[in-house]
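Take a look at the structure set out below.
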Amino acid sequence: RIMQALCVKHHLYRKAFDITLAYCNAPVYNNEVIAIRYPRGYERPTKDGRTTYMLLQKNIYGHPAAGKMWAEHRDAFVLSRFNEKGYTCTRSTYDPTMFYIVKESTNEHVWLSIYVDDCDCIGSSKRILDDVYHIMNQQWRSREVSPDYVLGVRRVYKRDTKNGSSCEMSMTAFIDG
């Protein structure tokens, strides 16, 4: 809601995207081994009939620490990549999933909020929002989604620099349900 209020007050632009198979993009912790069974029909028993297992080198959905491994991997990338090559990035003290990114050469800025794999951005220009999306998409395959509907909240934004921008927010699916 605060991001939408900033968007209205400063007539900002919006972009939203989803990181595909987010948890599977994170490496497992050092020295951790995740052993899993082969799927039925693909088993590879040893010559004496004992069961063999696969060892995962990446994170997997369902692992107890999957969310933590993904969040640490994701946040480390954002803080590293957006503090080089002409960008500065700071993390919010009060909301550790919120990042403020500035492109130094143009003084354009973005607020990036990430909830697991759902990225919600507001920024001073469409160009800086596209830049952030393309950098994130190069790291992890992502797909753009409508910024009008994020995390169950419908947000109808009308950008109007002359008469004042507005944003109407609702959760009709939640209320109806």
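Evaluate the distance, in nm, between pseudo-label points positioned 7 Å from the Cα of GLN57 and of TYR94 along their respective Cα→Cβ axes.
Taking the simple label geometry, GLN57 and TYR94 are separated by 4.4 nm.
Whenever you get a sec, compute what percent of the accessible area on the chain sits on carbon and sulfur atoms (1.4 Å probe).
Roughly 52 percent, rounded to a whole number.
Rounded to the nearest 10 Å², what accessible area does HIS10 have for a 1.4 Å probe in the complete protein model?
100
Around ARG37, with a cut-off of 11 angstrom between Cβ atoms, what is the net charge of the other residues, counting Lys and Arg +1 and Asp and Glu -1?
Every neighbour counted, the sum reads +1.
Quote the FRET efficiency, to the nearest 0.05, computed for VAL156 versus THR20 with a Förster distance R0 of 41 Å and r equal to the Cβ-Cβ distance.
Computed FRET efficiency for VAL156 and THR20: 0.95.
Taking every Cα atom in region 1-96, find the radius of gyration and the maximum pairwise distance Dmax, and write them in Å.
When restricted to the Cα atoms of region 1-96, Rg and Dmax are 20.4, 71 Å.
Considering the chain as a Gaussian network with a 10 Å cut-off on Cα pairs, which listed residue, ARG154, ARG127, ARG40, attains the greatest mean-square fluctuation?
Among ARG154, ARG127, ARG40, the largest GNM mean-square fluctuation belongs to ARG40.
State the three equivalent ellipsoid semi-axes of region 100-143, derived from the C-alpha gyration tensor as the square roots of 5 times its eigenvalues, in descending order and whole Å. Present the calculation step by step, with values, prior to reporting the outcome.
Values: eigenvalues 66, 27, 13 Å².
Over the Cα atoms of region 100-143, the ellipsoid semi-axes are 18, 12, 8 Å.
Hey, could you get me the Stokes-Einstein D for the chain, Kirkwood radius over alpha-carbon pairs, 37 °C and 0.692 mPa s, rounded to whole µm² s⁻¹? Numbers along the way, then the final one.
Details: Rh = 18.6 Å.
Value of D from the Cα-based Kirkwood radius: 177 µm²/s.
Note down the net charge around TYR53, summing +1 for each Lys or Arg and -1 for each Asp or Glu among other residues with Cβ under 15 Å from its Cβ.
Taking every other residue near TYR53 into account, the sum is +2.
Once you have the Cα-Cα distance between ASP130 and ASN30, take 0.36 nm times their residue separation minus that, and quote the gain in nm to one decimal.
32.6 nm
Please state the charge dipole magnitude for the chain, taken about the Cα centre, from unit charges on C-beta atoms (+1 on K and R, -1 on D and E), reported in debye and rounded to the nearest 20.
So the magnitude is around 240 debye.
Which angle between 0 and 90 degrees, to the nearest 10, do you get for helix 66-81 versus the longest principal axis of the chain when only C-alpha atoms count?
50
With every protein chain present, what is the per residue accessible area of region 53-177 (1.4 Å probe, Å²)? Mind dumping the intermediate values first?
Values: 7530 Å² over 125 residues.
Result: 60 Å² per residue.
Might you work out the accessible area of MET169 for me, using a 1.4 Å probe with all protein chains in place, and round it to the nearest 10 Å²?
Answer for MET169: close to 80 Å² accessible.
For LEU151, LEU6, what's the largest-to-smallest order of accessible area, 1.4 Å probe?
Sorted descending by solvent-accessible area, the residues read LEU151, LEU6.
Please give me, ordered by residue number, the GluC sites (Glu not before Pro) of region 59-108 that lie in loop per DSSP and have at most 15 other Cβ atoms within 10 Å.
On the way: sites: GLU72, GLU84, GLU104, GLU108; in loops: GLU84, GLU104.
Those satisfying the criteria are GLU84, GLU104.
What is the spin-label model distance, in nm, from ARG141 to ARG44 if the labels are put 7 Å beyond Cα along the C-beta direction?
2.3
Tell me which of PHE77, CYS119, PRO27 sits at the most positive position along the dipole axis of region 1-144, charges placed on C-beta atoms (Lys, Arg +1; Asp, Glu -1).
PRO27
Let me cross-check THR46: its accessible surface, 1.4 Å probe, with only protein heavy atoms counted, in Å² to the nearest 10?
Number for this one is 50 Å².
Tell me what the chain gives for mean residue ellipticity at 222 nm when only DSSP H runs of n ≥ 4 count, each as -39,500 (n - 2.57), the sum divided by the residue total, rounded to 500 deg cm²/dmol. Spell out each step's value before the answer.
Working: 4 runs with 44 residues, N = 177.
When only DSSP H runs of four or more count, the value is -7500 deg cm²/dmol.
The values are calculated or read from the model by the stated rules, or taken from the named source; none is laboratory data. Please read these numbers as outputs of a predicted model, since none were measured by experiment. For neighbour counting, all protein chains shown are included, and Cβ atoms are generated from backbone atoms with ideal geometry for every residue, glycine included. Accessible surface is based on the protein model in full, side chains and every heavy atom, while ligands, DNA and RNA are left aside. Shrake-Rupley method; radii C 1.70, N 1.55, O 1.52, S 1.80 Å.
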